[in-house]
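Chemist: Before we start, here is the structure in question, set down as structure tokens.
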């Protein structure tokens with residue numbers, strides 16, 4: 001599943017140009033043909049769809065619901081349950097701050113506040129230049145290294161709130 | 001059988017029984033909130049916690065299977081304390097406003113708080129965010145009152161297969177509702193109201209039509225008539241303390257008169273009319289298929305009395321829309337006739353007559369507002385009260401229902417037959433249709449005991465029957481030797497299964513009855529709470545007793561129906577019928 005989480009396709013088409021909405025939908029159709037109505041397939045397909053579009057547009061969720069013989073409300077329930085899913089377009093880089101118990105007591109909250117201040121956005125928002133989106137999670141499974149943040153697929157450990165600026169600079 | 005102990009009593013539990021099942025069978029009451037019979041337990045509310053010897057934590061009785069030698073205590077101080085705490089927590093976030101809530105006095109959370117002796121809520125916390133959804137004609141959702149027991153989610157998804165409601169978000173911020181906290185009108189909802197029927201609190205209710213009815217009754221310039229669906233008479237009594245299955249037809253008529261209606265009529269009369277129209281429609285389709293060999297004729301024909309089913313078909317089964325009978329429902333046929341034929345008889349125009357329906361149903365509120373339902377030039381039905389709303393109006397009017405003498409419906413639209421009565425339960429419309437169709441075709445009475453088609457009765461989800469036509473009258477000779485195959489489904493989940501079977505070619509029928517709600521209209525979304533299978537069966541029994549108590553038990557024998565054809569409509573499927581009593585439906589989405 002990890003493969004499908006990395007952004008293979010949202011950024012550029014074969015000719016280097018950004019792919020059109022219709023092209024992205026075609027890719028989703030191909031994915032659905034492979035996974036259609038597979039028991040337990042809903043969440044993996046939502047993950048792949050999010051990788052294709054960069055987020056989960058309503059048209060994609062409705063198509064997925066139909067393919068899995070589920071109602072739109074049920075798919076929406078699953079999407080809104082998991083903080084890894086987003087229904088709004090995200091920035092080029094996703095910064096996720098862990099607020100699980102271990103990270104929280106070791107300064108996760110301060111790291112989050114520093115990031116909010118530095119980026120000028122709140123949790124769930126995207127910077128005006130579409131460079132960063134900010135999200136929180138509850139435990140990334142790296143409690144011994146807290147406080148932890150993830151930028152895209154990279155885990156950064158023992159993050160200090162004073163140094164979040166440098167960390168962000170690495171991502172253009 | 002599994003031997004266990006509950007509160008010191010030795011109990012033999014059925015194999016596979018839960019602690020809750022075993023306790024109930026042994027006469028031990030354990031309170032529940034999220035529990036629904038026949039459904040997988042969600043264990044969401046924790047109100048049924050019990051102490052199981054050897055287990056560290058308290059266990060939810062609804063989700064804990066009985067094991068051999070299990071020792072259960074349902075009423076220890078620890079259990080009592082914990083249950084109180086759980087209900088106090090529910091109350092702390094419940095935006096209740098009990099004295100002004102429509103569920104005041106009919107609320108499971110209120111009753112639970114009383115039973116547990118909760119006199120104050122010790123927790124102070126944030127209230128659930130209130131959001132009132134009035135986007136549909138039939139239902140109102142008030143999220144602030146929702147306690148997230150998820151019964152509505154189970155009926156909407158598992159029983160009805162509609163999928164309008166689902167938990168959205170997570171944790172304290174979870175709301176129960178349509179996708180991304182939108183309104184019901186933004187998703188597929190057939191407005192059957194089964195969610196409102198199982199909601200323990202005031203979070204889902206029918207849209208209030210009582211105020212409109214009071215205003216019409218007060219207006220001296222209006223002629224206000226009321227029609228009552230067959231299912232009301234077998235359930236209204238429950239709102240006044242009668243046991244389920246008590247027939248209160250006569251008291252209901254007297255109460256309606258005392259409320260001030262100018263005429264008290266019976267939807268039964270147009271149920272009988274539906275049989276005449278629908279029966280002839282079926283025979284016409286059979287003729288097209290068998291004699292004309294018309295490949296386009298849509299069979300099986302489906303009944304069209306149940307507006308939730310119609311909406312379900314428009315959304316989920318557009319391929320079957322040509323199969324729906326073009327007959328309007330009895331409610332709408334009644335409205336169309338009350339504002340034309342009846343209005344003319346009393347020298348009034350359609351605009352001067354107000355038609356009020358009393359229905360066991362919430363979807364009927366939606367149906368009355370459909371743009372197709374204006375055959376008289378104005379809305380044919382103005383207001384639709386649920387059984388619960390009628391009970392409230394009777395109480396508000398100061399009527400002592402239990403002391404009322406029996407009254408009789410007015411002529412001519414108050415005449416009914418037993419065939420119309422059984423429209424109230426699953427299998428009833430089919431039985432009524434076959435009583436008339438068989439006799440029409442053969443000249444002989446339906447050859448079954450007491451006129452009942454027993455394979456079509458009862459609460460099995462999908463039922464089938466076959467009837468061979470022999471010695472048909474000359475006019476119907478094309479049916480000689482034909483075995484007419486029929487099916488009945490109730491609950492939309494069952495209807496969907498039946499449609500799938502037909503689509504896959506695994507089953508074929510000539511005529512199919514679909515009722516939206518489990519048990520049919522007697523289990524409708526507007527009936528007194530709480531409706532479980534025991535209650536459904538008692539109401540069904542009452543309806544069959546009503547049928548058997550009548551001299552006239554076949555729709556074509558109804559004198560009012562005969563008069564209508566003689567004086568106004570001409571013949572079944574005639575020009576006037578098409579104008580007033582039939583319609584067509586279009587796919588949605």
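Values quoted throughout were computed directly from the atomic coordinates according to the rules given, and no laboratory measurement underlies them. Bear in mind the structure is a predicted one, so any value in this text is a computation, not a measurement. We place every Cβ from the backbone using ideal geometry, glycine too, and count neighbours over all the protein chains shown.
Chemist: Taking R0 as 25 Å, what's the FRET efficiency between residue A:18 and residue A:151 from their Cβ-Cβ distance, rounded to 0.05?
Modeler: Efficiency for this residue pair is about 0.65.
Chemist: Another one. Stretch residue B:75-residue B:129 to full length: gain in nm at 0.36 nm per residue minus the Cα-Cα span?
Modeler: 16.0 nm
Chemist: Tilt of helix B:492-503 relative to the longest C-alpha principal axis of chain B, in degrees (0 to 90, nearest 10)?
Modeler: For helix B:492-503, the angle is close to 50 degrees.
Chemist: Peptide A:77-85: average number of partner chain Cβ atoms within 10 Å per residue?
Modeler: 5
Chemist: May I pose another question? How far apart, in nm, are two points set 7 Å out from the Cα along the Cα-to-Cβ line at residue B:211 and at residue B:462?
Modeler: In this crude spin-label approximation the distance works out to 4.5 nm.
Chemist: If you don't mind, there's one more thing I want to ask. Can you give the average number of partner chain beta-carbon atoms within 10 Å of each beta-carbon in peptide B:171-180, as a whole number?
Modeler: Mean partner-chain Cβ count within 10 Å for B:171-180: 4.
Chemist: Indicate the gyration tensor shape class of segment B:2-88 (rounded, prolate or oblate), computed on the Cα atoms with a ≥ b ≥ c the square roots of the eigenvalues: a/c under 1.5 is rounded; otherwise a/b larger than b/c is prolate and the rest oblate.
Modeler: Note, shape of segment B:2-88 comes out oblate.
Chemist: Shape of segment B:492-589 from its Cα gyration tensor (a ≥ b ≥ c, root eigenvalues): rounded if a/c is under 1.5, otherwise prolate when a/b > b/c, or oblate?
Modeler: Oblate.
Chemist: In addition: Using a Förster distance of 30 angstrom, determine the FRET efficiency expected from the C-beta separation of residue B:480 and residue B:321, and round it to 0.05.
Modeler: 0.45
Chemist: In addition: What's the center-to-center distance, using Cα atoms, between segment A:49-102 and segment B:506-546 in Å?
Modeler: That distance is 40 Å.
Chemist: Taking the Cα atoms only, what angle lies between the long axis of helix A:58-67 and the longest principal axis of chain A, rounded to 10 degrees?
Modeler: So the inclination is approximately 50 degrees.
Chemist: For the protein assembly as shown, what does -39500 (n - 2.57) per DSSP helix run (n ≥ 4), summed and divided by total residues, give at 222 nm, in deg cm²/dmol to the nearest 500?
Modeler: Values: 25 runs with 246 residues, N = 761.
Value at 222 nm, helices only: -9500 deg cm²/dmol.
Chemist: Something else about it: Quick one: order B:20, B:537 by neighbouring beta-carbon count within 10 Å, fewest to most.
Modeler: B:537, B:20
Chemist: Counting DSSP beta bridges with both partners in the protein assembly as shown, what percentage is antiparallel, nearest 5?
Modeler: Bridges in the protein assembly as shown that DSSP calls antiparallel: roughly 50 percent.
Chemist: With r as the distance between the Cβ atoms of residue B:351 and residue B:85 and R0 = 60 Å, compute the FRET efficiency 1/(1 + (r/R0)^6) and round to 0.05.
Modeler: It comes to 0.55.
Chemist: Quote to one decimal, in nm, the extra length available between residue B:100 and residue B:578 on full extension: 0.36 nm per residue of separation minus the C-alpha distance between them.
Modeler: Details: separation 478, 0.36 × 478 = 172.08 nm, distance 4.59 nm.
This chain segment gains 167.5 nm when fully extended.
Chemist: Separate question: Taking only the alpha-carbon positions of the protein assembly as shown and ignoring solvent, what does the Debye formula give for the base-10 log of I(q)/I(0) at q = 0.07 Å⁻¹?
Modeler: -0.61
Chemist: While we're looking at this one, here's another question. If I model a spin label as a point 7 Å beyond the Cα along the Cα-Cβ vector, how far apart are those points for residue A:128 and residue B:57 in nm?
Modeler: Here the modelled spin labels are 4.9 nm apart.
Chemist: Dividing the convex hull volume of the Cα atoms of chain B by its residue count, what figure in Å³ per residue is obtained?
Modeler: 166
Chemist: Ranked highest first by average number of other Cβ atoms within 10 Å, how do A:100-109, A:163-172 line up?
Modeler: Numbers: A:100-109: 17.8, A:163-172: 13.3.
Taking the mean over residues of other Cβ atoms within 10 Å, the ranking is A:100-109, A:163-172.
Chemist: Further, regarding this structure: How long are the semi-axes of the equivalent ellipsoid of segment B:283-396, defined as square roots of 5 times the Cα gyration tensor eigenvalues? Whole Å, largest first.
Modeler: In descending order, the three semi-axes are 32, 19, 11 Å.
Chemist: A follow-up question, please. Expressed in nm to one decimal, what extension gain is obtained for the pair residue B:121 and residue B:24 from 0.36 nm per residue of sequence separation less their Cα-Cα distance? Each step should come with its number before you reach the end.
Modeler: Working: separation 97, 0.36 × 97 = 34.92 nm, distance 2.92 nm.
Length gained between residue B:121 and residue B:24: 32.0 nm.
Chemist: So, one more: Roughly what angle does helix B:533-548 make with the longest principal axis of chain B, taking Cα atoms, 0 to 90 degrees, to the nearest 10?
Modeler: For B:533-548 against chain B, the angle is about 30 degrees.
Chemist: On to the next question. So for the pair residue B:506, residue A:33, with labels modelled 7 Å out along Cα→Cβ, what separation do we get in nm?
Modeler: In this crude spin-label approximation the distance works out to 2.8 nm.
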